[in-house]
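Student: Let me begin by handing over the structure; questions about it come next.
The values are calculated or read from the model by the stated rules, or taken from the named source; none is laboratory data. All figures in this text were calculated on a predicted structure; none of them were measured in a lab. So basically every Cβ, Gly included, is an ideal-geometry build from the backbone, and we count neighbours across all protein chains shown. These area figures cover heavy atoms from the full protein model, side chains too; ligands, DNA and RNA do not enter into them. Shrake-Rupley method; radii C 1.70, N 1.55, O 1.52, S 1.80 Å.
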Amino acid sequence: MAIPTTTREYRLPKYDGYHNLTIKEATLPPPKANEVLVKIIAVSLQYRDLMVSKGQYPLGHKDNVVPGSDMAGEIIAVGADVAGFKKGDRVCANFALDHVYGDVNEQIKNTGLGAPIDGVLTEYRNFPAHSLVHIPAHLSYVEASTLPCAALTAYNALNGPTPLKAGDTVLVQGTGGVSIFALQLAKASGATVIATSSSDAKLKVAKELGADHLINYKQTPDWEKEVLRITEGRGVDHVVEVGGPGTLMKSLASVRYAGWVHVIGFVAGAGDTSNAPVVALSKAAMIRGILIGSRDQFEAMNRLIVANKLKPIVDKVFSFEEAQEAYAYLESQKHVGKVVIKVAKD
Ligand SMILES: NC(=O)c1ccc[n+]([C@@H]2O[C@H](COP(=O)([O-])OP(=O)(O)OC[C@H]3O[C@@H](n4cnc5c(N)ncnc54)[C@H](OP(=O)(O)O)[C@@H]3O)[C@@H](O)[C@H]2O)c1
Ligand SMILES: *[C@@H]1O[C@H](CO)[C@@H](O)[C@H](O)[C@H]1NC(C)=O
């Protein structure tokens, strides 16, 4: 097969919302010596993609971006200097292309797909070989497309300076992409998991995935007291904090002395966090910002996924032409786990 010279890609000519997503045809250069050309088969969506589409992403974006950070696809051509990948390989790209290992920095942050640089909501794309990982054999392309952002963020949260150990207790908030992966990875690592959600039906899914304790935060707005009751006053070792200012004080109330609050997102909206420094110091608690993770961590996570035959939870799959519907479904928060766009047939 001759390699394609054009690709159909989505762009955001205006940051008014995802109704401005537009399909364009673009020329596709051949891969450079260090690059790999990937036929993109599935793309998963993040809360971030909603914010980018509205111009509300706090980390900024380029003009007229190709959105989307997370893809799984098949290699159809490799550049002359590429080692370790070949035609036919099934791959994912890391969220920040240049985050290979170690700490993030500004230069690396600016290689995040689908905001500072063009992303993956396109049929074909060249990637630097150093950004790629092989997909675990037991996962489909749709399943693998959920790993780069949501799963790796959860993995990074649980495997920081004080990695999760068997017997620890982890609190996950809501049943979105990051939180469901945090639940699965924590259970696979031998932890006890407390899951919260707005919905009893969603909590049932969390229970099926192994959550040990369930709290409906609509029915129990003082859920931090329930967390302390469940942990007999000790608090949890790790909080996977996706709520932001709206939940941070409750997360600090829920964490044990010298435990970790991994600050990831802000789905819960506004809140008064002015007392956070006092609570953090009075409990010697650690508040740690997370910015996805490195390719090195991605490979380590894949080993954990393979060892436990973990399957990502995919709520709904949309076609390439239905991208706007997929964004709308993610925004509705009816989902548990991940929403995926199937770009091409396997
Ligand atoms: N820093 C990073 O590296 C990084 C990486 C990935 C994501 N993020 C951020 O993490 C957050 C989650 O991302 P995502 O892609 O997993 O989002 P998502 O799949 O869209 O998750 C949305 C879910 O959050 C839950 N939720 C909403 N309000 C809540 C509240 N007040 N308290 C607790 N849960 C609430 C809801 O679940 P229920 O109905 O079950 O409550 C909702 O379905 C976002 O803010 C995103 O930007 C950051
Ligand atoms: C963005 O969407 C609005 C509403 O559908 C439309 O009026 C406008 O022309 C669109 N702009 C671009 C640049 O696509």
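Student: Can you name the residue in segment 214-254 that is on the phi > 0 side of the Ramachandran plot and not acidic (Asp, Glu) and is also most open to solvent (accessible area, probe 1.4 Å) among such residues?
Tutor: Of everything passing the filter in segment 214-254, 233 is most open to solvent (accessible area, probe 1.4 Å).
Student: What about residue 291, is it under 18 Å from residue 184 (Cα atoms) and either touching a residue at least 24 places away in the same chain (Cβ under 8 Å) or open to solvent by less than 50 Å² (accessible area, probe 1.4 Å) (or both)?
Tutor: No; evaluated as a whole, the condition is false for this residue.
Student: What residue, among those in segment 19-63 that are of a type in the set (A, V, I, L, M), touching a Leu at 6+ places or on another chain (Cβ under 7 Å) and farther than 19 Å from residue 98 by Cα, is nearest to ligand 2 (Cβ to nearest atom)?
Tutor: Within segment 19-63, the match that is nearest to ligand 2 (Cβ to nearest atom) is 21.
Student: Residue 309 is checked against (1) more than 24 Å from residue 245 (Cβ to Cβ); (2) in contact with a strand residue (DSSP E or B) (Cβ under 6 Å, 6 or more places away or on another chain) and fails just one. What number does that condition carry?
Tutor: (2)
Student: Would you pick out the residues in segment 329-346 that are farther than 28 Å from residue 207 by Cβ and open to solvent by less than 40 Å² (accessible area, probe 1.4 Å)?
Tutor: 341, 343, 344
Student: Tally up the residues in segment 234-260 that are in a strand (DSSP E or B) and either not aliphatic (A, V, I, L, M) or not assigned by TED's automatic domain parsing to the domain that holds residue 186 (or both), please.
Tutor: Summing the residues that are in a strand (DSSP E or B) and either not aliphatic (A, V, I, L, M) or not assigned by TED's automatic domain parsing to the domain that holds residue 186 (or both) in segment 234-260 gives 7.
Student: Also, I was wondering about something else. Hey, could you check segment 264-274 for residues that are open to solvent by less than 80 Å² (accessible area, probe 1.4 Å) and over 15 Å from the mean Cα position of the chain (by Cα) and say which is farthest from residue 102 (Cα to Cα)?
Tutor: Across segment 264-274, the extreme among qualifying residues is 271.
Student: Then there is this: Name the residues in segment 192-208 that are aliphatic (A, V, I, L, M) and touching a Gly at 6+ places or on another chain (Cβ under 9 Å), would you?
Tutor: 193, 195, 205, listed by residue number.
Student: To continue, here is another question. Kindly evaluate residue 309 against the criterion of being closer than 23 Å to residue 92 by Cα and modelled with pLDDT under 95.
Tutor: no
Student: Taking segment 76-91 as the region of interest, how many residues are of a type outside the set (D, E, K, R) and without any contact (Cβ under 8 Å) to a residue 40 or more places away in the chain?
Tutor: Of the residues in segment 76-91, 1 are of a type outside the set (D, E, K, R) and without any contact (Cβ under 8 Å) to a residue 40 or more places away in the chain.
Student: With the requirement that a residue be open to solvent by 80 Å² or more (accessible area, probe 1.4 Å) and touching a Pro at 6+ places or on another chain (Cβ under 9 Å), what does segment 3-23 give you?
Tutor: 5
Student: Now a separate question. Given the criteria more than 16 Å from ligand 2 (Cβ to nearest atom) and either over 20 Å from residue 96 (Cβ atoms) or of a type outside the set (Ser, Thr, Tyr) (or both), does residue 66 qualify?
Tutor: no
Student: In addition: Could you check segment 24-51 and list, in sequence order, the residues that are surrounded by fewer than 24 Cβ atoms within 10 Å (Cβ to Cβ), among the aliphatic types (A, V, I, L, M) and within 21 Å of the chain's Cα centre (by Cα)?
Tutor: Correct list: 41, 50, 51.
Student: Being in a helix (DSSP H, G or I) and open to solvent by 10 Å² or more (accessible area, probe 1.4 Å) is the requirement here; does residue 126 meet it?
Tutor: The answer is no for residue 126.
Student: Turning to a different aspect of this structure: Within segment 307-328, take every residue that is part of a helix (DSSP H, G or I) and open to solvent by less than 60 Å² (accessible area, probe 1.4 Å) and give me the one that is farthest from residue 123 (Cα to Cα).
Tutor: Across segment 307-328, the extreme among qualifying residues is 328.
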